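J.: The structure under discussion is supplied below as structure tokens; questions concerning it will follow.
The values are calculated or read from the model by the stated rules, or taken from the named source; none is laboratory data. Not measured: the values here are computed from a predicted model. Every residue, glycine as well, gets a Cβ built from its backbone with ideal geometry; the counts of neighbours run over all protein chains shown. The accessibility values were calculated without ligands, DNA or RNA, using every heavy atom of the protein model including side chains. Shrake-Rupley method; radii C 1.70, N 1.55, O 1.52, S 1.80 Å.
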Amino acid sequence: MEVFILVFAVISILPWGFFLVYTQPNSGRDNRIIFIILFALLLGWLSTELVLKTNALFWPEADIKTKVSKHILSEIAFMAFVKAGMLEELFKSLLILMLALVLSYDWKLKVFLPETFLVGGFVSLGFAGIENYHYIFLANEGGQGFDNVYKTFILRTLKSSNAHLLINLCFSMFLIKSNKKKFPDKYWYIFFAFLLAVIQHGLFDFFVIPIGRFGYWAATALFVGIWVWIVRDRRIYMSEGELFKIEKETKSSPEVLKPSEPEIIR
């Protein structure tokens, strides 16, 4: 049965991965895409290990559904924004930034290339795939049969994989948009992108942890809005024409050009 669970976990991220590769604009650097995908998936797996180890170190495991407390709202907020949102996005954002600087950053022009979008997307899918395997495995361990496994697989594919993907695509898009920023504003802009990822993740979990219809609709509305935002910015900032424009502006910048010789007064 574990083989089938592994297959389900892979399928839960496969459609999103195909979408990313199929819609990625042709940049003439397609030879590096396979390396980006493999290393990003590997770092996604690494981020899950880092999150699990850190969680086990700082906080004991607790099931929010089994706790009865007058502070239930604050407990949900803590789990959503700190244990899940801040911790997961901290490791994912750092690994996305590191891999982007290695595989999708032009050090001469000091700009993030369009392949940064793939870096963020596949790190998130690597994380989601491992997480989905864990949840599908627990559903099978629950002893409720294949129906429970199938329902968990569908929910993880449509909801959780999508959520992780959107949050990290948004972060990657901010890296690309930071090409327009000057130092040190560029650093603050990237830090703001991390904070935004934490807020997005926290809001999603805050809506869906207490299982209810309103929460699912609120989470759905939130991520429909993020999808629209990402698609719009992607059309603006990920074209080769935009990269050529940045290259032209960089080369013509007074900070890059050598100072001209003083004019000789005759």
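J.: Which of (1) surrounded by fewer than 24 Cβ atoms within 10 Å (Cβ to Cβ); (2) under 22 Å from MET86 (Cβ atoms); (3) not aliphatic (A, V, I, L, M) does GLY126 not meet, given it meets every other one?
T.: Only one criterion in (1) surrounded by fewer than 24 Cβ atoms within 10 Å (Cβ to Cβ); (2) under 22 Å from MET86 (Cβ atoms); (3) not aliphatic (A, V, I, L, M) is unmet by GLY126, namely (1).
J.: Show the residue pairs meeting these rules: Cβ distance below 7 Å; 6+ apart or different chains; first residue within the range 1-23 and over 14 Å from ILE130 (Cα atoms); second residue of a type in the set (Gly, Ala, Ser).
T.: TRP16/SER161; LEU20/GLY121
J.: Condition (residue is of a type in the set (Asp, Glu), closer than 15 Å to HIS134 by Cβ, modelled with pLDDT of 85 or more and surrounded by fewer than 13 Cβ atoms within 10 Å (Cβ to Cβ)) applied to the range 53-68: is it met by at least one residue?
T.: There is no residue in the range 53-68 that is of a type in the set (Asp, Glu), closer than 15 Å to HIS134 by Cβ, modelled with pLDDT of 85 or more and surrounded by fewer than 13 Cβ atoms within 10 Å (Cβ to Cβ).
J.: Sticking with this one: Just checking, which of PHE91, PHE137 is at pLDDT 95 or above and either out of contact with any helix residue (DSSP H, G or I) (no Cβ under 8 Å at 6 or more places or on another chain) or open to solvent by 20 Å² or more (accessible area, probe 1.4 Å) (or both)?
T.: PHE91
J.: Of a type in the set (A, V, I, L, M), modelled with pLDDT under 75 and assigned to a helix (DSSP H, G or I), is that true of ILE265?
T.: no
J.: Oh, and also: Within the range 164-207, count every residue that is under 24 Å from GLU115 (Cβ atoms), at pLDDT below 90 and assigned to a helix (DSSP H, G or I).
T.: 1
J.: Among LEU97, LEU109, LEU118, which is in a helix (DSSP H, G or I) and open to solvent by 10 Å² or more (accessible area, probe 1.4 Å)?
T.: Of the residues listed, the single one that is in a helix (DSSP H, G or I) and open to solvent by 10 Å² or more (accessible area, probe 1.4 Å) is LEU97.
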